[in-house]
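Colleague: Just passing along the structure, written as structure tokens.
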Amino acid sequence: MEGCRAVSASVDLYWLPLGAGGHFVRLNGRLYEAAAALRARRRPSALYHSALEVRLDGERYVIEMAPVWNEHAPERGVVAEGVVGSRLAGRLRLFRYEVRCWLHGRIPDVAEAVDSPRRLASDSARARCVLDRVREVPTPLWGRDELQTGDMWNSNSVVSWLVVRCGLGGEPVLPPPGGRAPGWDAGRAIARRAHSDSALTTSD
């Protein structure tokens, strides 16, 4: 029966509380959100970091952005690197991030994920799109709005860029109720610009 057939390809989204398993990052996230909420005159929200898990052709891949120093496995599937905060500081390993497409990789603190996994696709075409497009993800300064989207670029931007570029989710993908995902709008905006640029090139 069709309904009992095992899914051979999929793309799943995980929402992880910012700083899960790390008190320093969690504290900084709370301070950032408290300041942002004060400026916007609203109540603070829970902050989330996102990651993708892709299954295709019997293999499993984990896609996320993370600091270059927080994982030392040589097979972690680095496909791009960028700078945190300042181009000058980026000469130091401490101020660099990397985008990973990690075969048989792991999502740190996945046990603390909220409203996850969220299935975004269950077909090989879109799963393949994610694995191909992740190598094209932009790498502007982390924590800055270098590309003038109205939102800063961070780990959520990588995931939302892929969501838009590969047509995942069908409807707007949102963080868990009561939460925010800073950087999500930046990735979406930049991906839409790429769609627009492609359309203009085709029409020319």
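The values are calculated or read from the model by the stated rules, or taken from the named source; none is laboratory data. Since the structure is predicted, the reported quantities are computational estimates derived from the model, not experimental observations. Every residue, glycine as well, gets a Cβ built from its backbone with ideal geometry; the counts of neighbours run over all protein chains shown.
Colleague: Test each condition in (1) at pLDDT 95 or above; (2) under 14 Å from ASP12 (Cα atoms); (3) not aromatic (Phe, Trp, Tyr) for VAL110 and report the one that comes out false.
Modeller: The one condition VAL110 does not meet is (1).
Colleague: With the checklist (1) surrounded by 13 or more Cβ atoms within 10 Å (Cβ to Cβ); (2) in contact with a strand residue (DSSP E or B) (Cβ under 7 Å, 6 or more places away or on another chain); (3) modelled with pLDDT of 90 or more in hand, flag the one item GLY90 doesn't pass.
Modeller: Of the numbered conditions (1) surrounded by 13 or more Cβ atoms within 10 Å (Cβ to Cβ); (2) in contact with a strand residue (DSSP E or B) (Cβ under 7 Å, 6 or more places away or on another chain); (3) modelled with pLDDT of 90 or more, the odd one out for GLY90 is (3).
Colleague: From the list ARG126, ARG119, ARG100, which residue is assigned to a strand (DSSP E or B), in contact with a Gly (Cβ under 8 Å, 6 or more places away or on another chain) and under 16 Å from VAL11 (Cα atoms)? I'd like the intermediate steps shown before the answer.
Modeller: Values: ARG126 fails: assigned to a strand (DSSP E or B); ARG119 fails: in contact with a Gly (Cβ under 8 Å, 6 or more places away or on another chain).
Exactly one of ARG126, ARG119, ARG100 is assigned to a strand (DSSP E or B), in contact with a Gly (Cβ under 8 Å, 6 or more places away or on another chain) and under 16 Å from VAL11 (Cα atoms), namely ARG100.
Colleague: A further question follows. Has the range 131-145 got at least one residue that is under 17 Å from VAL79 (Cα atoms), loosely packed, with under 14 Cβ neighbours inside 10 Å and not basic (Lys, Arg)?
Modeller: Of the range 131-145, the ones under 17 Å from VAL79 (Cα atoms) are 131-142.
Restricting the remaining residues to those that are loosely packed, with under 14 Cβ neighbours inside 10 Å gives 132, 135-136.
After this cut, where a residue has to be not basic (Lys, Arg) as well, the list is 132, 136.
Yes.
Colleague: Please find, within the range 59-80, the residue that is farthest from MET152 (Cα to Cα) out of those that are surrounded by fewer than 15 Cβ atoms within 10 Å (Cβ to Cβ) and modelled with pLDDT of 95 or more.
Modeller: Step one: filter the range 59-80 for residues surrounded by fewer than 15 Cβ atoms within 10 Å (Cβ to Cβ), giving 59-60, 69-70, 72-75.
Restricting the remaining residues to those that are modelled with pLDDT of 95 or more gives 59-60.
Details: GLU59: 33, ARG60: 29 Å.
Among residues in the range 59-80 that are surrounded by fewer than 15 Cβ atoms within 10 Å (Cβ to Cβ) and modelled with pLDDT of 95 or more, the one farthest from MET152 (Cα to Cα) is GLU59.
Colleague: Scan the range 148-188 for residues that are hydrophobic (A, V, I, L, M, F, W, C) and surrounded by fewer than 17 Cβ atoms within 10 Å (Cβ to Cβ) and jot them down.
Modeller: Here is the first cut: in the range 148-188, the residues hydrophobic (A, V, I, L, M, F, W, C) are 152-153, 158-159, 161-164, 166, 168, 173-174, 181, 184, 186.
Within the range 148-188, just LEU174 meets the criteria.
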